[in-house]
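Readers should treat all values here as calculations from the given coordinates under stated rules, not as data from a laboratory. A quick note: this is a predicted structure, and the numbers were derived from the prediction, not measured. Cβ sites come from the backbone with ideal geometry, for glycine too, and all protein chains shown count toward neighbours.
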Amino acid sequence: MQPVYRVGIVLLLCALVVVGFFAMQPAKVMPEASPLPAVLEPTGDEPPRADPVAAEPVDQMGDARPDSTRPQESIPMPPLPRLQDSDAWLLEQVANWSLPAVVLQPSDLIARASVVLLNAAAGQMPRRQLAFLGPFEAYSVREIGEKIFVDPVSYLRFELWIDVLESIPPAELAAILRRVQPLVEQALEEVGEPVDMAALVHAVVQRVHQVPVIDKDIELLRPSVIYIYADAELEALPSFEKQLLRMGPQRVSRVQSYVAQFAAAYPAP
């Protein structure tokens, strides 16, 4: 794989598997209110005292309004670049991530990721957009008697990109996704799909978490040139879920765990 593509691969992988998982959160338990102190009635032996009056805070400019009522100035976000000029800007936003050292030529990252997201939400694998992602190693199987099974060695082909994914801080990725939403939706409109990005994200996350974690040998059949799953339920999975299934149980669990962490920083709109 040419190293010039690695940042693009990471971002596209994020578009596939790093999406908001709106997990059920336990309800917050409010603490019980402390009992109010008893009020002592005056005995008549001492003169009544006036209730104290709290002094309002006064700032250096003489404004006596509390801080909560003083108008706050918001710092405007810098404008987004044009979609066709967004590659350099996007790489600048993620410059502090622990990504492999690469030199990336412009390749329409956001537009590519938008198509990936659209297809993944429908359960499809956008093979043309991800052709350079690989893996390029051969798919390994092993035979036991007359049966064919997936060789766990095949799962190692995805190890590098799962490691890279886990190195990205989920909160920072959530912030980037929120920031690029207008550009993503513009890219979708340009391909005739005016869809809300959050809706696609929610659809993809459901698919990610529906992928079964199978911690046992998976039997295959080979009716023609390609292998298929012997289990009819696995073979009937959409191509997106089957692609994740090919990562192996440990890596599927790691991806699902990362997505769950991401949810805390990317709440439902």
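Measuring r between the beta carbons of Ala264 and Trp97 and using R0 = 22 Å, the FRET efficiency lands at 0.75.
Under 5 Å between amide hydrogens, built in the peptide plane, is the criterion, and for Tyr139 it picks out nothing among residues at least 5 positions away or on other chains. A simple count of charges around Pro249, restricted to other residues whose Cβ falls under 12 Å of its Cβ and scoring Lys, Arg +1 and Asp, Glu -1, yields +2. The amide H of Gln124, built 1.01 Å from its N in the peptide plane, has Phe240 as neighbours under 5 Å, considering only residues 5 or more places off or on other chains.
Quick check on the exposure proxy: order Ser253, Ser86, Ser154 from fewest to most C-beta atoms within 10 angstrom. Don't jump to the answer; show the numbers that get you there.
Numbers: Ser253 14, Ser86 21, Ser154 18.
Result, fewest neighbours first: Ser253, Ser154, Ser86.
Residues Arg82, Arg179, Arg251, arranged from fewest to most other Cβ atoms within 10 angstrom of their Cβ, appear as Arg82, Arg179, Arg251.
If only the Cβ of Lys and Arg carry +1 and only the Cβ of Asp and Glu carry -1, the dipole of the stretch 158-269 around its Cα centre is close to 180 debye. Karplus-based coupling profile of the stretch 76-89, in residue order and whole Hz: x, 6, x, x, 6, x, 5, 3, 6, 10, 8, 4, 4, 4, with θ = phi - 60° in 6.51 cos²θ - 1.76 cosθ + 1.60 and x standing for Gly or Pro. Selection among Leu220, Val255, Leu234 by position relative to the dipole of the stretch 205-263 gives Val255 as farthest towards the positive end (Cβ unit charges, Cα centre). Treating the Cα atoms of the stretch 137-269 as identical point scatterers in vacuum, please give the log10 of the normalised Debye intensity I(q)/I(0) at q = 0.11, 0.12, 0.13, 0.14 Å⁻¹, two decimals. At q = 0.11, 0.12, 0.13, 0.14 Å⁻¹ the computed log10 ratios are -0.52, -0.60, -0.69, -0.77. For the pair Lys216 and Arg82, a Förster radius of 41 Å applied to the C-beta separation gives a FRET efficiency near 0.20, rounded to the nearest 0.05.
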